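Undergrad: My structure is below; once you've seen it, I'll send some questions.
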Amino acid sequence: MNRFKPRRVQANTLFNLLLLTLVTLSLLVLPGLSIAVEDLKGEEELPLQPFSDLNLRFSNRPLTPPDSLIVQTIPLTGLSVARPFVAPNPQAVIFEDDHRQRVGVLSTDSSGELILYLLEDLPLDPKLPALFECAHNRSCEADRTPLTGGLGCLALCIKELLELSALNY
C-alpha cells in the first residue's frame with residue numbers, strides 16, 4: 001500500500017551538503033564584500049568636493065566664528081529683516097553642506113546689524129547688489145513668516161548667491 005518508502009539520509013551526507021553550500025555562498029559573497037570595503041576605503045581618502053547645495057541651520061543667539069576660520073567679513077549695512085510675530089526670532093544662520101563643511105555664518109551683532117562671515121574663499125563682493133535686489137524682491141524687511149521670513153528670507157538669498165559663487169569659482 002505504501003508506495004513511498006521513507007529514506008534515511010545519513011547525517012554525514014547532510015553535513016557534507018551543508019558544508020558545500022556554505023563554501024559556495026562564501027565564494028559568491030566574499031569577493032563582493034572585499035570590493036565594497038575597498039570602495040569605502042577609497043572614498044575616505046578623497047578630499048571633500050566643492051559644495052553644490054547648502055543647508056541652513058538657525059540659532060537663537062548671535063554667532064561669531066573664530067577669527068582663524070573667517071576668510072572675509074561683510075557688514076550688511078542697509079539691509080533689515082522683519083521679526084516674526086509668533087516664533088522665536090533667529091539671531092544667526094549657519095550655511096553648511098551635507099558633510100557639515102561650514103561655508104558662512106549670517107549673524108546679528110550687539111547693535112542688531114547684520115554681518116556675513118565667509119568661511120570659504122568665495123568671490124561674493126561683486127554679487128552684493130544681487131543680494132540687496134533679492135532681499136528687496138522677497139520683501140525680507142516685511143516678511144514675518146517663521147523661518148522663511150525675516151532672517152530666513154535673507155539667508156535664502158545668501159544661500160543662492162553662495163551656491164552660484166561656488167559653481168562659478
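Any read-out appearing in this document is the output of simple, stated calculations on the displayed coordinates, not a laboratory observation. Values in this document were obtained by computation on a predicted structure and should not be read as measured data. Cβ: placed from backbone, ideal geometry, glycine included. Neighbour counts: every protein chain shown.
Undergrad: Taking a virtual spin label 7 Å from the Cα of S59 along the C-beta vector, which residues in region 109-124 bring their backbone nitrogen under 19 Å of it?
TA: 109-121
Undergrad: Using Cβ counts within 10 Å as a stand-in for footprinting exposure, how do F132, F95 rank, fewest first?
TA: Ranking F132, F95 by Cβ neighbours within 10 Å, fewest first, gives F132, F95.
Undergrad: Using the per-residue mean of other Cβ atoms lying within 10 Å as a proxy for protection, in what order, highest first, do the peptides 116-125, 71-80 fall?
TA: 116-125, 71-80
Undergrad: Still on this model: Per-residue HN-Hα couplings for region 150-166, Karplus 6.51 cos²θ - 1.76 cosθ + 1.60 at θ = phi - 60°, whole Hz, x for Gly and Pro?
TA: Along region 150-166, the couplings run x, 4, x, 4, 5, 4, 5, 5, 5, 4, 4, 5, 5, 5, 5, 5, 5 Hz.
Undergrad: When the Karplus curve 6.51 cos²θ - 1.76 cosθ + 1.60 is applied with θ = phi - 60°, which whole-Hz ³J(HN,Hα) does each residue of region 54-61 get, with x for Gly and Pro?
TA: Each residue of region 54-61 in turn: 9, 9, 10, 10, 8, 10, 7, 10 Hz.
Undergrad: Then there is this: Summing Lys, Arg as +1 and Asp, Glu as -1, what charge do residues with Cβ under 14 Å from the Cβ of Q101 carry, Q101 excluded?
TA: -4
Undergrad: Along the three principal axes, how long is region 115-161 when you take its alpha carbons, biggest first, rounded to the nearest angstrom?
TA: Computed over the Cα atoms, the extents are 32, 19, 16 Å.
Undergrad: Given charges of +1 on the Cβ of Lys and Arg and -1 on the Cβ of Asp and Glu, with all other atoms neutral, how large is the dipole of region 55-168 about its Cα centre, in debye to the nearest 20?
TA: 400
Undergrad: Still on this structure, I have one more. What list of whole percents do you get for P(r) of region 55-168, with Cα-Cα distances grouped in 5 Å bins up to the one holding the largest distance?
TA: So the P(r) values, bin by bin, are 2, 13, 24, 27, 20, 10, 3, 0.
Undergrad: Which residues' amide hydrogens lie under 5 Å from the amide hydrogen of A92, considering only partners 5 or more residues apart or on another chain, with H built in the peptide plane?
TA: S59, R61
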